[in-house]
């Protein structure tokens, strides 16, 4: 076969004087213009610019050759150099040979391992839930700007999972200042790539803004680092920032300095949000335009997630969602190019194009992904290209959305995990539609996104979303299940050597798992990195190797062993017995399992005896499940090979556990409560509005045998807010995780707190005492006695003696004992004295907002969350129970009991009885239960009588609670809703009493028909105003005096026709 002829004749568009090919690619859509040129000029072409030129390649043949890391490597181009003003010497912008890149890369690989993804699941779920709850509140007629919301989502996710920092983008109209600065700086960095340097120098205002923005990014990230360094190690969250601060490079023994950590923080924020937000935006575009794909994806989500909160292990089961994302990245890789250059002069690209170290090669990924030599009908969107049965047939280097080799995106597993979870949750909760026909337009910055894409969502109802039971987690295959011996068998001491090669920690974890199980079975097990046994594999017992590949190369702690094994002569390991298990990721198809396969083959060729076939785990599939499947017959095989009888196995657990009754369990019992499980907890208010004040809808699955009626209370035993617990512990110099024992000096009967048993400070301060209760006058006297500072003692004593001052300065401002201790820090009060001053935690009662006719096993609460600046002036005040309920997540339990109201606050026995309901805010709660019951009875043939609901809130688009549900009941003729909006008055109507007066003729008529009148809500202002209006209404109707009208109200109450349930 003849060799291809060398070619230096690379096509190029005609260059212009001074400008070169800059006009051919333009400044708005350079990537798309290069794609057009590739279609015209072929798989390789040259572009020249003032002072530089680049060769653009887009065919599979040339890209696959350029991805050979032995001959080519990443080139840090001018575009990446411009990013150094933001990301400094981060992973993206530093040269491969720079020691800082190697050190940071080695330290950060474990943060993106398969095992680490489990740690990020809750954070991803948290932020996704915020976005989807916001969408639900917008309703089905609101246009959602897709790229904007996806950017908010991905920024918040990487900040929360990586650094435990909340931008709270979905709780405010304006983005966090950090985000504004980052977006502006990114845009300017991209613009500088398309300008001459002299142009940038002349743009003084733009340069100053860029410098201010980059300075602010560095300042805020430095503050994050300093704050984390000041945090006690035992209290620091386990996230990427903690890893960077604490981890030591295994090769150099060095840590990252603060400047490098700061650079990595900014780099992760940039890289972690831009590409994933674009991926999700493009994926939504294709789902909207391919209904058959959308339908199939939704069916998969219903099968895997059902109606429950997604679990980590379920995400990898969304195989078709994964295919959709991969096909989306094929057509529009959001990071659409990467640059390479040859390591040596006179390198031949594709066997015919001479290139050298100074010749930049730009890989045009969208054209690589459209090469018809690999992809049939390449412009068509078809997720089946990535079906499991055909994925392995895709050639190596044909799909490169995350870059190449060792410089590929370190966070790809994080991005795919997040995108899969979020897309699954969208399809679980909503039907998707376009508000108007949309033709794809690509917006180019540093990445690609669809420009102007909008979406509408409609919540899926149970009828169209199967309420599948929560899928049972795949059980770990048991290692062995022999019956427990009556006595532990003596250890036989057969040696096992567990060797691992691991950068991310996954292989080491598997090796230690095997060693731990081996010790329990009587073996003498040892765990070590592969390099420590270079040249000295034992012939006694057996050797088990667990290792990964890193772009086809061995992990850092397996290099020497790999080199040694590669040179072994035949027969040199004749008496060694071994097995190999490999960890990898099939996304790197050409190097998948390369090192485990090589070690397995070389050990066998050197004469070692393979005990059983090599195992494989794919990080993009059921990684842990594949290990368990390989591991299931492991010990039987080892025992047979080494002559260890199963009768010799001691199979007891590693740990024995003694369950000590919790003091909190006793607290639940004392309050005659039981544990209910949270099924749902969602926001009812548009929290992006400046008027938004959180109100939550919670669904509880009641304990077996517990029943309720519409109008009942649910009593809840709360917990103090974590910040308040931490404040109290800090004041007395104790850690919240410290264990203490309380002993009463006056006998156990004198104490309401648990005595004589260990409990944590967190449990004691969180669950047993009221930390935010206002200090009593007796408390003030005690604090005065304990204060050695005369002015402070005198002031406290004066407050205690003056009832009016006490009410004004302490009671009305809800100043607690803790507040006073912080204000008068000269008080010498022991922790025990402090506990004695605090009242015991009490239960709170909330009106149930559902009817048992809907589901007798579940009840709902509608809760106004108190979270505001403290009236005491000391930080924020979190309502004890409302903030506790707001923090509960589905699956968690709360101590509750159903309680009966003191007044007969129930819907009438006859469904035909007219009713008038008046409430504001969460005063709507019991009325929702009334109306739900009334509607269900109406649907069953018990005709509903007339019902008027007077409901007050701030704004119809912000906090009109259960608006869609009420509208449905209105259409069914169950109720007529008569609202009043404080922020959007209707003439003279601002509050419910105004609406009541305006509709007085209808109210009179219904009262004349025997209607029952219910009031629920604020007992300080709303309820008295409603009673006054009702009396005035009667006064006008019959011409009586005010005293007679008041007497009429009393008669109505005695007859049970006027019923109030109010709170302060």
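The values are calculated or read from the model by the stated rules, or taken from the named source; none is laboratory data. Predicted model only: the values in this text are computed from it and were never measured. Don't worry about glycine lacking a Cβ; one is built from the backbone with ideal geometry, like all the others, and counts go over all protein chains shown.
Here are some notes:
- Residue 944 being under 21 Å from residue 1058 (Cα atoms) and either touching a residue at least 40 places away in the same chain (Cβ under 8 Å) or in the same structural domain as residue 865 (by TED's automatic domain parsing) (or both): no
- Those residues of segment 834-866 which are within 32 Å of the chain's Cα centre (by Cα) and more than 19 Å from residue 936 (Cβ to Cβ), in sequence order: 841, 843, 844, 845, 846, 861, 863, 864, 865, 866
- Entirely in segment 1-82, the strands (runs of 3 or more DSSP E) that have 1 or more residues that are at pLDDT below 95 and farther than 23 Å from residue 354 by Cβ: none
- Some residue of segment 907-916 being at positive phi and touching a helix residue (DSSP H, G or I) at 6+ places or on another chain (Cβ under 9 Å): no
- Some residue of segment 707-722 being in a helix (DSSP H, G or I), at pLDDT below 90 and surrounded by 12 or more Cβ atoms within 10 Å (Cβ to Cβ): no
- Conditions (1) surrounded by fewer than 22 Cβ atoms within 10 Å (Cβ to Cβ); (2) modelled with pLDDT of 90 or more; (3) out of contact with any strand residue (DSSP E or B) (no Cβ under 8 Å at 6 or more places or on another chain); number of the one not met by residue 143: (3)
- Of all the listed residues (288, 243, 294, 265), the sole one being assigned to a helix (DSSP H, G or I) and buried (at least 23 other Cβ atoms within 10 Å of the Cβ) is 265.
- Of all the listed residues (584, 505, 552), the sole one being closer than 23 Å to residue 102 by Cα and surrounded by 20 or more Cβ atoms within 10 Å (Cβ to Cβ) is 584.
- Of all residues in segment 187-195, one or more are in contact (Cβ under 8 Å) with a residue 24 or more places away in the chain, outside any helix (DSSP H, G or I) and under 30 Å from residue 52 (Cα atoms).
- Test result for residue 115, in a helix (DSSP H, G or I), surrounded by fewer than 19 Cβ atoms within 10 Å (Cβ to Cβ) and touching a strand residue (DSSP E or B) at 6+ places or on another chain (Cβ under 8 Å): no
To keep it simple, each residue is scored yes or no on (1) at pLDDT below 95; (2) in contact with a strand residue (DSSP E or B) (Cβ under 7 Å, 6 or more places away or on another chain); (3) surrounded by fewer than 19 Cβ atoms within 10 Å (Cβ to Cβ).
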| residue | (1), (2), (3) |
| --- | --- |
| 874 | yes, no, yes |
| 877 | yes, yes, no |
| 880 | yes, no, no |
| 889 | yes, yes, yes |
| 895 | yes, yes, no |
| 901 | yes, yes, yes |
| 905 | yes, yes, no |
| 917 | no, yes, no |
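- Considering (1) closer than 30 Å to residue 41 by Cβ; (2) buried (at least 20 other Cβ atoms within 10 Å of the Cβ); (3) in contact with a helix residue (DSSP H, G or I) (Cβ under 9 Å, 6 or more places away or on another chain), the lone condition that residue 371 does not fulfil carries the number (2).
- Among residues of segment 515-548, those that are assigned to a helix (DSSP H, G or I) and crowded, with 23+ Cβ neighbours inside 10 Å, counted: 2
- When each of 416, 406 is tested for being under 22 Å from the mean Cα position of the chain (by Cα) and either part of a helix (DSSP H, G or I) or crowded, with 23+ Cβ neighbours inside 10 Å (or both), the lone residue that passes is 416.
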